[in-house]
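Remarks on the structure that follows.
The values are calculated or read from the model by the stated rules, or taken from the named source; none is laboratory data. From a predicted model like this one, the values you see are computed outputs, not experimental measurements. Glycine gets a Cβ as well: all are built from the backbone with ideal geometry, and neighbour counts include every protein chain shown.
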Amino acid sequence: MAGACYGGVDTGFVALGYGKVAVLGVVQGVTELLPVSSTAHMRIVPAILGWPDPGAAFSAAMQLAALAAVVSYFWADVSNLAVGSGRAIAQRQFRNPHLRLVVWIGVATLPILVAGLALAPVLNACGSPLRSIPAIGVACLAMGLLLALAEGLAAHRRTMDQATGWDALVVGLAQVGALIPGVSRSGSTLTAALAAGLRREEAARLSFLLGIPAIALAGGKELWELHNAHMDPHGWKILLVGVTVGAVCAFATIWSLMRFLERFSTWPFVIYRVLLGLFLLAGASMGWLR
């Protein structure tokens, strides 16, 4: 199965082979959890190197690498939430802060779940117009400008303990934007959390924790789609290589990002996103990015 489209699912990554997929695993792992859009980089890197588009299925399935990294890095938070909320339910302590945050995460996941199911035929279609270079360039620019507003206008004083259910819902609604290639799940949720006045490192923490169910659902759904497309064992092995490499790189990225945000602002990401968007639009208009 070497074609780019099989059973209605874009499987261009299979034709790339192990080595190229490992390279893209590094790209995906590094950019998935930074507010810079992994989808943009997964389109631009193959385009520059003359490789075919690995496809939306690869990008979505690779979110499992990000999931492994997020859960590993925030294991203390995840385990405390699981144990604390379970104990609260058993003891009927419905105002327990752990249970409250779990409920918020569930509510915040609903918007992207509904939107993802509704838009799946367009987002995952072979040759989807949303994965075109100009579309991704515009999304990069728009998200860069929104991140600039959140960075420049918000107070950045609140901690996650001071977050409310409304904050969680707003971040969850912002997460829907991640369905559009070029927006970035990390970028949209981090921007919303910053706009709510959270400290930069606390905004990133809330962004990652709220994203766990959405990342798991997106990755799991794509694995199911690939299963239904009857992808052969060779394709699964290639995907496993990408996910493994991506998970290691994603963990290193989280560690670096959290320390960066403790000391610096998000302006470097704003500048990078704007320059990337302009580069994509210029490359598409001049014909050297297809």
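Quick rundown of the values:
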| read-out | value |
| --- | --- |
| Those residues of the stretch 164-215 which are part of a loop (DSSP other than H, G, I, E, B) and of a type in the set (D, E, K, R), in sequence order | R199 |
| Failed criterion for A155 (all others in (1) assigned to a loop (DSSP other than H, G, I, E, B); (2) of a type in the set (G, A, S); (3) surrounded by 24 or more Cβ atoms within 10 Å (Cβ to Cβ) hold) | (3) |
| Condition check for M231: among the aliphatic types (A, V, I, L, M) and not in a helix (DSSP H, G or I) | yes |
| Whichever residue in the stretch 112-127 is of a type outside the set (A, V, I, L, M, F, W, C) and crowded, with 18+ Cβ neighbours inside 10 Å and, among such residues, is nearest to the chain's Cα centre (by Cα) | G116 |
| Residue that is modelled with the highest pLDDT [pool: residues in the stretch 35-55 that are crowded, with 24+ Cβ neighbours inside 10 Å and not β-branched (V, I, T)] | P35 |
| Options L239, L226; residue that is in a helix (DSSP H, G or I) and surrounded by fewer than 23 Cβ atoms within 10 Å (Cβ to Cβ) | L226 |
| Hey, F208 among the aromatic types (F, W, Y), under 24 Å from L113 (Cβ atoms) and out of contact with any Asp or Glu (no Cβ under 7 Å at 6 or more places or on another chain) or not | yes |
| Extreme residue, surrounded by the most Cβ atoms within 10 Å (Cβ to Cβ), among residues of the stretch 76-96 that are touching a helix residue (DSSP H, G or I) at 6+ places or on another chain (Cβ under 7 Å) and among the β-branched types (V, I, T) | V78 |
| Some residue of the stretch 176-197 being surrounded by 20 or more Cβ atoms within 10 Å (Cβ to Cβ), in contact with a His (Cβ under 8 Å, 6 or more places away or on another chain) and not aliphatic (A, V, I, L, M) | no |
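For (1) closer than 26 Å to L113 by Cα; (2) buried (at least 21 other Cβ atoms within 10 Å of the Cβ), each residue gets a yes or a no:
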site: I212; (1), (2): yes, no
site: E222; (1), (2): yes, yes
site: V243; (1), (2): yes, yes
site: E262; (1), (2): no, no
